[in-house]
Amino acid sequence: MNAAMGLTGAARRVADHARSLVKLELELAAAEMKQKVAALAAGIGLVVGAAVLLVFAVAFGLAAAAAAIATTVSVWLALLIVFGGLFVLAGLLAAIGVGLLKKGAPPVPKQALEEARLTTEALRNGH
């Protein structure tokens, strides 16, 4: 009877240790996730800040280009030239983007589906 009690007690202690270990593992995972989320949030904030500064930098670069052109032509004409260049660039990017959207739509992996169909057919036919 003592051996059975000893075995039961040992099994209970092992189960308690296992529960404690699982609890500690979960706490470690939660702490690690909190650190990763904090780092991710800080990274996203810094990237957004950099993007905002980049927009201002591009605006100042375009203003500098317009000012440089204005040394040879009227200010209004320099601004119109920069506007025209941006308009042409935006149109070109939009045309390329629309072409890529048409190429990618609908987002269905046709080749993979065809291969899966052929594989299923081959398996049904016993090949």
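The values are calculated or read from the model by the stated rules, or taken from the named source; none is laboratory data. All values derive from a computational prediction rather than experimental measurement. Quick reminder, even Gly has a Cβ in these numbers, built from the backbone with ideal geometry, and neighbours come from all protein chains shown. Note: accessible area is taken over every heavy atom of the protein model, side chains too, but ligands, DNA and RNA are not part of it. Shrake-Rupley method; radii C 1.70, N 1.55, O 1.52, S 1.80 Å.
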Summing -39500 (n - 2.57) over every DSSP H run of at least 4 residues in the chain and dividing by its residue count gives a helix-only mean residue ellipticity at 222 nm, to the nearest 500 deg cm²/dmol, of -33000 deg cm²/dmol
Of the residues 80, 45, 56, the Cα lying farthest along the dipole of region 1-101 towards its positive end, which is defined by charges on the beta carbon of Lys, Arg, Asp and Glu, belongs to 45
Karplus-derived 3J(HN,Hα) from phi for region 30-45 (6.51 cos²θ - 1.76 cosθ + 1.60, θ = phi - 60°), whole Hz, x at Gly and Pro, runs 5, 5, 5, 5, 4, 5, 5, 5, 5, 5, 5, 5, 5, x, 4, x
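What's the magnitude of the charge dipole for region 1-78 around its Cα centre, counting Lys and Arg as +1 and Asp and Glu as -1 at the beta-carbon? Answer in Debye, nearest 20.
Numbers: 6 positive and 4 negative charges, 64 e Å.
That gives region 1-78 a dipole magnitude of about 300 debye.
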In debye to the nearest 20, the charge dipole size for region 22-127, taken about the Cα centre with +1 at each Lys and Arg Cβ and -1 at each Asp and Glu Cβ, equals 200
Carbon plus sulfur, as percent of the 1.4 Å-probe accessible area of the chain, comes to 75
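How charged is the neighbourhood of residue 30? Take every other residue with its Cβ under 13 Å from the Cβ of residue 30, and add Lys/Arg as +1 and Asp/Glu as -1. If you can, show how the numbers build up before the last one.
On the way: positive: 23, 34, 36; negative: 25, 27, 32.
Around residue 30, the charge tally is 0.
How would you rank 6-18, 98-110, highest first, on the average number of other Cβ atoms within 10 Å across their residues? Intermediate values should be presented prior to the final figure.
Values: 6-18: 10.0, 98-110: 8.2.
With the highest mean Cβ count within 10 Å placed first, the list reads 6-18, 98-110.
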Computed ³J(HN,Hα) along region 109-115: with the Karplus parameters 6.51/-1.76/1.60, θ = phi - 60°, integer Hz and x for glycine or proline, the list is x, 4, 5, 5, 5, 5, 4
Taking max minus min of the Cα coordinates of the chain on each principal axis, largest first, gives extents in Å of 106, 54, 15
